[in-house]
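Q: A single structure is presented below for examination.
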Amino acid sequence: MFCPNCGKQISDNSKFCGFCGAVMTPPAAPVVEQPVAMPVVEQSVAAPVEAAPVVEQSVAAPVEAVPVVEQPVAAPVVEQPVAMPVTEQPTMAAPMPQSAAPNYQQPAAPMQSQPQQMYQQPVYQQPMAAPMQQQPQSNASPFSPVPPAEEKKKKGKAGLIVAIVVLLLVLAGGGVFVFMRMNSPAKKIAAAFAANDIDTVVELYEKVGDKEMDEVVSQAREYAEKLTEGYLDGTGEQDYKTVSNTLSKLQGSVLSGDRELAGWISTIESVEDSRSAFKLAESYKEAGSYVEALGEYAKVIKEDELNYAQAQQAIEETRNLYREAVIQEAKVYEESGNYTEAYEIYEEALTILEGDEQILSAISESKKVLYGTWSMDVDISEVLNQEMGDEFAGFDGKLVVTLKFDFNEDGTFKMYADSDALKESFAGWMDSFVAFSVNIMYEEFEEMGLSKEEADELVQSAYSCTMEEYIRLVMESSLDIDAMVAEMETKGIWETKGDKLYMSDGSEIDVNRFDIFEVSGDTLTLSLPEGATDDSNIPGLSYPYSLHKVN
């Protein structure tokens with residue numbers, strides 16, 4: 001059946017509505033036509049009473065009194081409780097002796113529903129009837145309108161009526177407040193929270209009155225907080241999906257607009273993402289994908305009480321594993337002379353392990369192949385001979401400049417000519433040049449008609465020296481070896497990136513100007529990058545440069 005108050009469907013045997021608490025009034029029994037003076041036998045509310053044959057009388061017809069005929073005294077009529085249907089009865093006429101008054105049917109009074117109260121019809125004592133003739137005794141009352149077979153049934157129903165009447169009397173006497181309190185939506189909501197039945201909480205929340213609202217809100221906040229804490233510290237039995245759905249339902253009903261609840265929801269969402277990241281990081285680490293693992297470990301937040309401490313420890317372990325793998329791989333490339341590949345590995349590692357001292361140290365180690373002094377010989381004879389003119393076309397003297405490069409660990413370099421080697425080379429070149437020049441002078445004097453001896457005498461008289469000494473003095477006065485050495489000296493900064501060697505005589509490196517270097521044993525080879533042009537100003541020097549380790 002359906003509750004007439006709230007409309008919810010309830011059991012047909014329910015005495016109270018489980019949703020709104022309204023008392024279900026049992027259906028009234030049909031009005032039974034009874035004789036005016038007949039004593040009423042206790043009857044069940046639901047069972048109709050069979051009345052003795054009656055003669056219908058018109059309501060308006062007056063009842064004429066019948067003289068009482070004296071009869072032998074009968075047994076006294078026992079007073080019996082009268083159970084009346086819950087209806088208003090018209091005032092009964094004065095009782096008359098049954099033997100004297102004719103039966104007639106009383107009109108039924110309109111039935112009026114009176115919820116939560118039932119009244120018992122006052123019991124009237126039947127006045128002693130006139131003497132009647134003695135009747136034979138039997139188990140049934142001589143005046144009972146109900147057959148003896150139905151008495152047990154009536155007595156059982158009478159007990160139910162008494163129980164209902166007692167309950168109503170208790171409620172009417174002040175127990176109704178206790179009853180309604182025990183069945184209030186707040187109490188039912190508390191029970192629903194205890195059973196984790198949030199759907200019932202949301203349904204009953206709509207029926208909560210203003211007086212109980214604070215209590216229900218307090219219950220909801222306490223439940224939501226406990227649920228959140230259980231999820232965060234891992235002591236709760238409900239998983240993320242259940243916790244999230246529950247908090248969302250509370251946010252949409254009991255705790256609508258609650259900022260703290262909104263914070264809890266946001267927190268568990270972040271923690272769930274954190275826990276997913278930790279699981280993914282662990283799988284990456286196990287597979288050797290250390291960069292990906294570090295990225296996922298970094299997503300684990302402090303609010304993730306189950307994984308944060310483990311994630312921090314795992315980050316350090318993964319960094320060490322990644323560093324070792326990087327250095328090992330780069331060393332393989334360095335040993336094969338592939339410095340570019342090695343450097344790129346180091347550079348990528350520094351984007352992950354920013355400022356890592358071991359990676360920086362490994363890069364410095366790779367630069368050690370250039371530390372020290374390297375030298376190369378530059379033959380400038382051809383360039384110098386071209387500048388002397390056509391008359392020296394047949395001169396083949398050798399002038400070699402030994403250039404040296406010092407690559408220092410502090411990132412500075414110095415390029416210079418070996419002064420001693422240059423002076424030695426220049427002395428040999430000078431001997432060749434003087435000898436070649438003397439012959440040219442003799443040829444010129446011969447064209448003037450002077451012999452070799454006459455030419456020597458002329459030079460001796462003019463300069464007080466021989467022809468050979470004259471030419472040597474002229475060359476030495478025009479060439480300053482120390483000045484040449486000083487001009488060739490260059491200082492600056494250097495660095496390498498892979499197989500790229502950057503050198504600058506200023507304070508900054510030009511990333512667009514570099515040489516490609518390769519080290520093989522004690523030999524350093526410098527080459528131009530692909531597509532670059534040689535713009536060096538060193539006479540007799542052209543790419544590729546080949547340098548040898550000095551120390």
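The values are calculated or read from the model by the stated rules, or taken from the named source; none is laboratory data. Bear in mind the structure is a predicted one, so any value in this text is a computation, not a measurement. We place every Cβ from the backbone using ideal geometry, glycine too, and count neighbours over all the protein chains shown. Keep in mind that these areas ignore ligands, DNA and RNA; they rest on the heavy atoms of the full protein, side chains included. Shrake-Rupley method; radii C 1.70, N 1.55, O 1.52, S 1.80 Å.
Okay, residues lined up against (1) open to solvent by less than 50 Å² (accessible area, probe 1.4 Å); (2) closer than 16 Å to Val217 by Cα; (3) small (Gly, Ala, Ser):
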{"residue": "Val243", "(1), (2), (3)": "yes, no, no"}
{"residue": "Leu247", "(1), (2), (3)": "yes, yes, no"}
{"residue": "Leu250", "(1), (2), (3)": "yes, yes, no"}
{"residue": "Asp258", "(1), (2), (3)": "yes, yes, no"}
{"residue": "Ile265", "(1), (2), (3)": "yes, no, no"}
{"residue": "Arg275", "(1), (2), (3)": "yes, no, no"}
{"residue": "Ser283", "(1), (2), (3)": "no, no, yes"}
{"residue": "Leu294", "(1), (2), (3)": "yes, no, no"}
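Q: Would you check if there is a residue in the stretch 353-372 being open to solvent by less than 30 Å² (accessible area, probe 1.4 Å), in contact with a helix residue (DSSP H, G or I) (Cβ under 7 Å, 6 or more places away or on another chain) and farther than 24 Å from Leu501 by Cα?
A: yes
Q: Now for a different question. Return the residues of the stretch 262-290 that are out of contact with any Ser or Thr (no Cβ under 9 Å at 6 or more places or on another chain) and not small (Gly, Ala, Ser); say none if nothing qualifies.
A: Result: Val271, Asp273, Arg275, Phe278, Lys279, Leu280, Glu282, Glu286.
Q: Yes or no: Gln328 in a helix (DSSP H, G or I), open to solvent by 70 Å² or more (accessible area, probe 1.4 Å), at negative phi and touching a helix residue (DSSP H, G or I) at 6+ places or on another chain (Cβ under 8 Å)?
A: Criteria not met by Gln328.
Q: What residue, of Val519, Val474, is out of contact with any Phe, Trp or Tyr (no Cβ under 6 Å at 6 or more places or on another chain), of a type in the set (Val, Ile, Thr), modelled with pLDDT under 90 and surrounded by 15 or more Cβ atoms within 10 Å (Cβ to Cβ)?
A: Val519
Q: Can you tell me which residue within the stretch 449-471, out of those that are crowded, with 16+ Cβ neighbours inside 10 Å and either among the β-branched types (Val, Ile, Thr) or under 60 Å from the mean Cα position of the chain (by Cα) (or both), is farthest from Ser437 (Cα to Cα)?
A: Val459
Q: Right, something else. Take the stretch 445-464 and flag every residue that is in contact with a helix residue (DSSP H, G or I) (Cβ under 9 Å, 6 or more places away or on another chain) and charged (D, E, K, R).
A: Matches in the stretch 445-464: Glu446, Lys452, Glu454, Asp456.
Q: State whether the residues of the stretch 333-345 include one that is among the aromatic types (Phe, Trp, Tyr) and open to solvent by 70 Å² or more (accessible area, probe 1.4 Å).
A: Yes.
Q: Still on this structure, I have one more. Quick one: which residue in Glu206, Glu237, Glu215 is among the charged types (D, E, K, R) and modelled with pLDDT of 90 or more?
A: Glu215
Q: Restricting to the stretch 524-551, what's the tally of residues that are among the β-branched types (Val, Ile, Thr) and exposed (fewer than 13 other Cβ atoms within 10 Å of the Cβ)?
A: Looking only at that region, the number is 1.
Q: Inside the stretch 506-515, can you point out the residues that are of a type outside the set (Ser, Thr, Tyr) and either open to solvent by 50 Å² or more (accessible area, probe 1.4 Å) or over 49 Å from the mean Cα position of the chain (by Cα) (or both)?
A: Selection gives Gly506, Glu508, Asp510, Val511, Asn512, Arg513, Asp515.
Q: Against the condition at pLDDT 90 or above and open to solvent by less than 40 Å² (accessible area, probe 1.4 Å), how does Ala192 come out, does it pass?
A: In short, yes.
Q: Which of the residues that make up the stretch 365-387 are small (Gly, Ala, Ser) and under 23 Å from Val326 (Cα atoms)?
A: The one that is small (Gly, Ala, Ser) and under 23 Å from Val326 (Cα atoms): Ser366.
Q: Glu305 is checked against (1) crowded, with 16+ Cβ neighbours inside 10 Å; (2) touching a Leu at 6+ places or on another chain (Cβ under 6 Å); (3) of a type outside the set (S, T, N, Q) and fails just one. What number does that condition carry?
A: Against the list (1) crowded, with 16+ Cβ neighbours inside 10 Å; (2) touching a Leu at 6+ places or on another chain (Cβ under 6 Å); (3) of a type outside the set (S, T, N, Q), Glu305 comes up short only on (1).
Q: Which of the strands (runs of 3 or more DSSP E) contained wholly in the stretch 476-546 include at least 3 residues that are touching a residue at least 24 places away in the same chain (Cβ under 8 Å) and β-branched (Val, Ile, Thr)?
A: By residue number, 490-497.
Q: List every residue pair whose Cβ atoms lie under 9 Å apart, where the two residues are 6 or more positions apart in sequence or sit on different chains, the first residue falls within the stretch 336-347 and is closer than 8 Å to Gly498 by Cβ and assigned to a helix (DSSP H, G or I), and the second residue, located anywhere, is open to solvent by less than 30 Å² (accessible area, probe 1.4 Å) and polar (S, T, N, Q).
A: Tyr339/Ser366; Tyr339/Thr496; Ala342/Ser366; Tyr343/Ser366; Tyr343/Thr496
Q: When you go through Met503, Met441, Met488 one by one, which is the residue that is surrounded by 15 or more Cβ atoms within 10 Å (Cβ to Cβ), among the aliphatic types (A, V, I, L, M) and touching a helix residue (DSSP H, G or I) at 6+ places or on another chain (Cβ under 7 Å)?
A: Met441
Q: If only one of Ile352, Ile363 is of a type in the set (Val, Ile, Thr) and under 27 Å from Phe517 (Cα atoms), which one is it?
A: Of Ile352, Ile363, the one residue that is of a type in the set (Val, Ile, Thr) and under 27 Å from Phe517 (Cα atoms) is Ile363.
Q: Take the conditions surrounded by 16 or more Cβ atoms within 10 Å (Cβ to Cβ), touching a residue at least 12 places away in the same chain (Cβ under 8 Å), in a strand (DSSP E or B) and basic (Lys, Arg) and apply them to Lys404. Does it pass?
A: Taking the combined requirement at face value, the residue satisfies it.
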